[in-house]
Amino acid sequence: MPCPYLGMRDGMMSLKEQLDYLFDPRSVAVIGASNQLGKWGFIILARLLESKSGKEIYAINKKEREVLGLKAYGSVVDVPGPVDLVVITVPFQGIIDVMHDCVRKGVKVAIVITGGLAETGGEGARIEQEMVEIARRGGMRIVGPNCLGHVDTHSNVRTVGFLPGVKRGNVALISQSGNSSQSVTKYAGQMGLGFSKFVSSGNEADLHFEDYLEYLGQDDKTKVILGYIEGFREGRRFFELAKKLTKKKPIVIMKAGRTDAGVRAAQSHTASLAGSDMVLDAAFKQAGVIRVEEISELVDVAVPLLGQPLPQGRRVGVLAMGGGMAVMAADAVRREGLEMPAFSPATMEKLNSIMSHRWSRGNPVDPGGDLVSYQALWPMLADENIDAIIITGGVGMIASFPDWVKLPSSMKSRLDEARKRMEGAEIGNLDKTIQLMKKHQKPILFTTHVSGAARRGKVHSKLRSSYLGFYPTPERAARALACLVEYSEYLGIARGE
């Protein structure tokens, strides 16, 4: 059922104004704040204090006089100043009294971390319903319950205790699962992806996925919206919103609960409403929503959406470091419904002039034992028969050379000098590659399995900062590219089949 708060009737705040109090409040109180290491009330208050957001932070604890160096108040009502946002960590049996206090205080938004409510049925469901009724009578909004909290990297308000890798950026994440969001943000950090906002929506007793989606659609700090969802509260509203938003902002969704077992698990997890998967799949395509199958693919698709041109068709050129990689990449491209066309005569002439006699003489390009050549990549980008490029192997590997080959210590200084010189040359080649990518409006997806020194190298820092990323397998790169192609076709940029 649509939330009763929407609109501006009788002087009520708009949804944007309401959620501004969530993401950029003047003050935050933690109800259930604790000095005990490991308690939610300890972790959340510590995170708020560590964030140094400049907001007023209050600790609410009936038994303590001081929590983490802050004066503790017995109730939020006792706080001398206004309180815009509260984070509630008390056991569910105490929720109702706390909600009455919040309404009396004039709190605008409550994040209810507490679980054991509607997802368990029975008494928990009854308490959750009463909690919502109290909030609605008092004009207060609720995030959760049974949620992880939220982050706004621009206001620097962070109520999530356990969420690695959340640096400032232009991607927003809405997740009905707290643990799944941890996987997303950790992988995003490895790929150099930053977030504008994150919210763990939990049971969605009041605020729904659709509310956050509408808000983020108006947020100028958010360029791409990611979502992990197990079920819709307002399916029709979601698709009406999505049809409007996807014309200007990509929406990438992982919808769990595709099988009967998954639907049952989703119901017990967040008390969500699951629907027919086939119907959802068709509706996603009609609304321009990019659907992915795995958590990691949310990030795989978001990275090029932020910083690369959308492909103008399905035709892919592959540049590989060896024959095996070339075959794997070609197979992955074709499995995703993409094409592997022949190069134009002009491109073939150019490649023949710069490659050794061992090269494969076609698409995919296998240098025949040589290292991947940027000089081979550039004519591929200019080829009128190619809409996108996948490169597998070779890029950025010079930084890890000392890990592969053990040389005498007497050669260390010479090796370091050579590595720095070659890294500098490769960064120069990447600069030219990025210029050509923008000129020809063709995305490039790099596939390189890296760790250790290579991941810390300057080349991979350049790739991350340029939203070029580096996919661990050709299959992952091809799936991400297929998503870009479908979205480009939806927008009318790419030629359809």
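The values are calculated or read from the model by the stated rules, or taken from the named source; none is laboratory data. Quantities reported herein were computed from a predicted structural model and do not represent experimental measurements. So basically every Cβ, Gly included, is an ideal-geometry build from the backbone, and we count neighbours across all protein chains shown.
Do we have residue 48 as within 20 Å of residue 217 (Cβ to Cβ) and either outside any strand (DSSP E or B) or in contact with a Lys or Arg (Cβ under 9 Å, 6 or more places away or on another chain) (or both) here? Show your work before the answer.
Working: within 20 Å of residue 217 (Cβ to Cβ): no; either outside any strand (DSSP E or B) or in contact with a Lys or Arg (Cβ under 9 Å, 6 or more places away or on another chain) (or both): yes.
For residue 48, the condition - within 20 Å of residue 217 (Cβ to Cβ) and either outside any strand (DSSP E or B) or in contact with a Lys or Arg (Cβ under 9 Å, 6 or more places away or on another chain) (or both) - is not met.
For region 310-329, how many residues meet the condition of being surrounded by 21 or more Cβ atoms within 10 Å (Cβ to Cβ) and small (Gly, Ala, Ser)?
Residues meeting the conditions: 5.
When region 344-366 is examined, which residues are found to be closer than 21 Å to residue 477 by Cα, in a loop (DSSP other than H, G, I, E, B) and in contact with a helix residue (DSSP H, G or I) (Cβ under 7 Å, 6 or more places away or on another chain)?
Within region 344-366, 364, 366 meet the criteria.
Quick check on residue 83: is it under 34 Å from the mean Cα position of the chain (by Cα) and modelled with pLDDT of 95 or more?
Criteria met by residue 83.
Counting residues that are modelled with pLDDT under 85, which helices (runs of 4 or more DSSP H) fully inside region 453-497 reach at least 1?
Answer list for region 453-497: 453-456, 458-465.
So which residues in region 223-248 are under 24 Å from residue 178 (Cα atoms) and part of a loop (DSSP other than H, G, I, E, B)?
223, 230, 231, 232, 233, 234 - these are the residues of region 223-248 that are under 24 Å from residue 178 (Cα atoms) and part of a loop (DSSP other than H, G, I, E, B).
As an exercise: evaluate residue 234 against (1) among the charged types (D, E, K, R); (2) out of contact with any strand residue (DSSP E or B) (no Cβ under 7 Å at 6 or more places or on another chain); (3) more than 23 Å from residue 14 (Cβ to Cβ) and give the number of the one condition it does not meet.
For residue 234, the failing item is (3).
Looking at region 384-395, is at least one residue in a helix (DSSP H, G or I), crowded, with 22+ Cβ neighbours inside 10 Å, at pLDDT below 95 and in contact with a His (Cβ under 9 Å, 6 or more places away or on another chain)? Spell out the reasoning first.
Residues of region 384-395 in a helix (DSSP H, G or I): none.
Checked against the condition, which is being in a helix (DSSP H, G or I), crowded, with 22+ Cβ neighbours inside 10 Å, at pLDDT below 95 and in contact with a His (Cβ under 9 Å, 6 or more places away or on another chain), region 384-395 yields no hits at all.
Please list, ordered by first then second residue, the pairs with beta carbon atoms under 8 Å, 6 or more apart or interchain, first in region 156-169 and within 19 Å of residue 110 (Cα to Cα), second among the aromatic types (Phe, Trp, Tyr).
Taking only residues 6 or more apart or on different chains, the pairs are 157/23; 160/198; 161/40.
Among what's in region 332-362 and is in contact (Cβ under 8 Å) with a residue 40 or more places away in the chain and within 18 Å of residue 482 (Cα to Cα), pick the residue that is surrounded by the most Cβ atoms within 10 Å (Cβ to Cβ).
Only one residue tops the list, namely 333.
Exactly one of these conditions fails for residue 239: (1) touching a strand residue (DSSP E or B) at 6+ places or on another chain (Cβ under 6 Å); (2) farther than 20 Å from residue 118 by Cβ. Give me its number.
Result: residue 239 fails condition (1) only.
Please identify the pairs in which a residue from region 48-69 that is in the same structural domain as residue 81 (by TED's automatic domain parsing) has its Cβ atom under 7 Å from the Cβ atom of a residue that is among the charged types (D, E, K, R) and in a strand (DSSP E or B), counting only partners at least 6 apart or on another chain.
Listed by first residue and then by second, the contacts come to 48/158; 51/158.
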